[in-house]
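Below: one structure, written as structure tokens.
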Amino acid sequence: MPIRLLIADDHTLFREGLKRILEMEEDLEIVGEAGDGEEALRLVEALRPDVILMDINMPNLNGVEATRVIHERHPDAKIIVLSIHDDAQYVYRALQLGATGYLLKEVDAETLVEAVRLVARGEGYIHPRLTPMVINEMRRLRRLSEGLVGEEIVEGGKKADPWHRLTDREKEVLRLIVRGLTNRDIGRALGISDKTVKNHISSILSKLRIPDRKQLIIRALEEDWLKR
């Protein structure tokens, strides 16, 4: 079964460009288009797409608010925010409100397609260029609050450092995930197969007691694991 997509963007030419890119892939199908946030809400209800590509700046109802409403009504909805804003606060806010991915509109076709496939499988994706800014934002927020995303791991009555539960290879994979690489790119970088990458990710999530890739990225940024 193909991945069913809804594109929500108020610029017709941009929507057409996305359609041309995505429709070239046999496993992707465009089932609807919306020109504003309110229309996006109606089409989500009517079509129940697998993945929603959501522009931030739209009339009537902006993409951030539309994301919030869709996530409240359909918690399992998979939304990729498409934006010109390369501000970490936009990214964090979108993730907080239910987005599974965040891409800049300058994204290349190969990355866009791979991000759609990852999000459709329940994983998260953040545009690679945004990673340094997101890290700084997470550090700022961590100074305000010491709350952790994942379940705390306690050993011998003390909070354990879960980073040390990972193998060296798993640490390499985790660093590349946080930097925004897709499974395919991780496999190429490390000289391993896509299946092996998936197996490593499953092991990482299990060891860290974190439910999905999006939460893994947030936790890794909060804990400064890229510096380890």
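The values are calculated or read from the model by the stated rules, or taken from the named source; none is laboratory data. Quantities reported herein were computed from a predicted structural model and do not represent experimental measurements. Please note: Cβ atoms are built from the backbone with ideal geometry, for glycine as well, and neighbour counts cover all protein chains shown. Surface areas here come from the heavy atoms of the whole protein model, side chains and all, with no ligands, DNA or RNA. Shrake-Rupley method; radii C 1.70, N 1.55, O 1.52, S 1.80 Å.
How large is the helix-only mean residue ellipticity at 222 nm for the chain, computed as the sum of -39500 (n - 2.57) over DSSP H runs with n ≥ 4, divided by its residue count, in deg cm²/dmol to the nearest 500? The partial results should precede the final answer.
On the way: 10 runs with 112 residues, N = 228.
So the calculated ellipticity at 222 nm is -15000 deg cm²/dmol.
Could you order Met58, Met1, Met133 so the one with the most accessible surface comes first? Probe is 1.4 Å.
Output order, biggest surface exposure first: Met1, Met133, Met58.
When DSSP assigns beta bridges and you keep just the ones with both residues in the chain, what percent turn out antiparallel, to the nearest 5? Write down the numbers at each step before the final one.
On the way: 2 of 23 bridges.
Percent antiparallel among DSSP bridges in the chain is about 10.
How far, in degrees from 0 to 90, does helix 168-178 lean away from the longest principal axis of the Cα atoms of the chain, to the nearest 10?
Value to nearest ten degrees: 30.
Can you list residues from other chains, or at least 5 along the same chain, whose modelled amide H is less than 5 Å from the amide H of Ile3?
Placed amide hydrogens put Leu28, Glu29 under 5 Å from Ile3.
Starting at the first residue of the range 195-205, write each ³J(HN,Hα) from the Karplus equation 6.51 cos²θ - 1.76 cosθ + 1.60 with θ = phi - 60°, in whole Hz, x for Gly and Pro.
5, 5, 4, 4, 5, 5, 5, 4, 5, 4, 4
Got a number for the accessible area of His164? Probe 1.4 Å, square angstrom, nearest 10.
We get 130 Å² for His164.
Keeping the other protein chains in place, figure out the carbon and sulfur percent of the accessible area of the chain, with a 1.4 Å probe.
Details: 5170 of 10970 Å².
So the carbon and sulfur contribution to the accessible surface is 47 percent.
Heavy-atom accessible area per residue, the chain, 1.4 Å probe: how many Å²?
Details: 10970 Å² over 228 residues.
I get 48 Å² per residue for this part.
For the chain, what does the relative contact order come out to in percent, with C-alpha contacts under 8 Å and a separation of six or more?
Reported relative contact order: 15 percent.
Give the average over all directions of the projected area of the C-alpha convex hull of the chain, one decimal, in nm².
Numbers: hull surface 51.3 nm².
Mean shadow area of the hull around the Cα atoms is 12.8 nm².
Report the local net charge at Ala109: Lys and Arg +1, Asp and Glu -1, summed over other residues whose C-beta lies under 11 Å from its C-beta. Show your work: numbers first, answer last.
Values: positive: Arg20; negative: Glu25, Asp108, Glu110, Glu114.
Net of charged neighbours comes to -3.
Kindly give Rg over Rh for the range 27-130, based on alpha-carbon atoms, with the Kirkwood expression for the hydrodynamic radius. Each step should come with its number before you reach the end.
On the way: Rg = 12.4 Å, Rh = 13.5 Å.
Taking Rh as the inverse mean 1/r over Cα pairs, Rg/Rh reads 0.92.
If only Cα atoms are counted, what is the Rg of the range 15-80, and what is its Dmax, in Å?
Expressed in Å, the Cα Rg and Dmax of the range 15-80 come to 11.7, 33.
Considering only the other residues whose Cβ falls under 11 Å of the Cβ of Gly124, what net charge follows from Lys and Arg at +1 and Asp and Glu at -1?
Details: positive: Lys78, Arg121, Arg213, Lys214; negative: Glu123, Asp212.
Result for the local shell: +2.
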